[in-house]
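Peer 1: My structure is below; once you've seen it, I'll send some questions.
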Amino acid sequence: MTAEPVSSGILPKGDQRRAALLVSLGDLLTESSDLESVNVADISRRAGVTRSAFYFYFDNKAAAVTALAEQTYADALAAAHRLDDLAVAPLTRITSMLDGLFAAVEDHAPLVRATLEARASSADVRAVWDAQRLSFVEHLAGVVDAERQAGQAPAGADATLLATMLLELNDRAIERLVQGSVDRAGLLDTVASIWLRTIYSPDPASAPLPDPEPDPDMGPETDPDMDPESDPHPAAEGTA
């Protein structure tokens with residue numbers, strides 16, 4: 001048997017079924033409080049296919065969630081590439097990247113919550129998540145190295161480890177965002193500040209100390225080489 005041709009933008013029947021299952025899953029996630037409350041029978045029924053058809057395309061719900069999250073990953077990757085133009089000010093690029101990431105998360109909030117839930121219980125989903133994270137780590141480490149070579153960022157911690165920890169911070173920010181427990185603008189400003197200081201601020205241990213402020217209780221400064229008992233303003237000769 002030959003596969004049905006794709007014409008006029010119409011998917012082959014098998015692809016249509018798979019797409020219908022993903023649409024059904026997305027709708028149910030939007031309507032439900034969590035992934036656990038969505039079952040395969042409901043996904044299949046709404047998509048107009050049998051349970052066996054679901055398992056033909058996906059091993060389990062977690063695998064379906066991973067497939068559905070591909071667009072979210074693509075949107076997040078596009079946001080990450082906002083860091084690439086070194087001619088743009090660092091804070092502008094970082095803020096734009098985070099804004100794009102947060103927008104992608106908010107656009108797919110029920111799916112992101114389901115993905116985080118599935119990641120906690122499914123080794124397959126964790127493997128996909130880790131592979132996607134690795135692609136972001138490699139990209140960000142490359143940006144950090146490029147900034148250092150261009151003299152726009154100081155030498156510092158290993159770029160790959162630094163990128164890994166900054167992306168861990170993004171993960172925590174995403175979790176807080178989809179939980180609705182923080183103000184988006186405040187979260188963005190805070191995370192952007194941490195990114196900026198981590199990549200572009202010099203090592204505090206090597207930074208010069210500021211000049212000490214004069215103590216107002218000590219009076220005017222005196223020359224340290226002067227005899228402390230001498231009077232810098234001796235009385236005029238012949239006066240008491």
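Peer 1: Under the Karplus relation 6.51 cos²θ - 1.76 cosθ + 1.60, θ = phi - 60°, what is the ordered set of whole-Hz ³J(HN,Hα) values for the range 125-132, x standing for Gly and Pro?
Peer 2: Working through the residues one at a time gives 5, 4, 5, 5, 4, 5, 5, 5 Hz.
Peer 1: Per-residue HN-Hα couplings for the range 88-105, Karplus 6.51 cos²θ - 1.76 cosθ + 1.60 at θ = phi - 60°, whole Hz, x for Gly and Pro?
Peer 2: 8, 4, x, 5, 5, 5, 5, 5, 5, 4, 5, 4, x, 5, 5, 5, 4, 5
Peer 1: Given the Cα-Cα distance of Asp42 and Asp145 and 0.36 nm per residue of separation, how much length would full extension add, in nm?
Peer 2: Details: separation 103, 0.36 × 103 = 37.08 nm, distance 4.87 nm.
This chain segment gains 32.2 nm when fully extended.
Peer 1: Cα-based Rg of the range 79-152 per 2.2 N^0.38 Å, rounded to two decimals? Intermediate values should be presented prior to the final figure.
Peer 2: Details: Rg = 15.0 Å, N = 74, 2.2 N^0.38 = 11.3 Å.
Computed over Cα atoms of the range 79-152, the ratio equals 1.33.
Peer 1: Still on this structure, I have one more. Please compute the modelled spin-label separation between Asp130 and Arg197, points set 7 Å along Cα→Cβ, answer in nm with one decimal.
Peer 2: That separation, rounded to one decimal, is 3.2 nm.
Peer 1: Count the net charge of all other residues whose Cβ sits under 15 Å from the Cβ of Ser44, scoring Lys and Arg as +1 and Asp and Glu as -1. Present the calculation step by step, with values, prior to reporting the outcome.
Peer 2: Numbers: positive: Arg17, Arg18, Arg45, Arg46, Arg51, Lys61; negative: Asp27, Asp42, Asp59.
The answer is +3.
Values quoted throughout were computed directly from the atomic coordinates according to the rules given, and no laboratory measurement underlies them. What you see is a predicted model, and the numbers here were worked out from it, not measured in a lab. Positions of Cβ are backbone-derived with ideal geometry, glycine not excepted, and every protein chain shown enters the neighbour counts.
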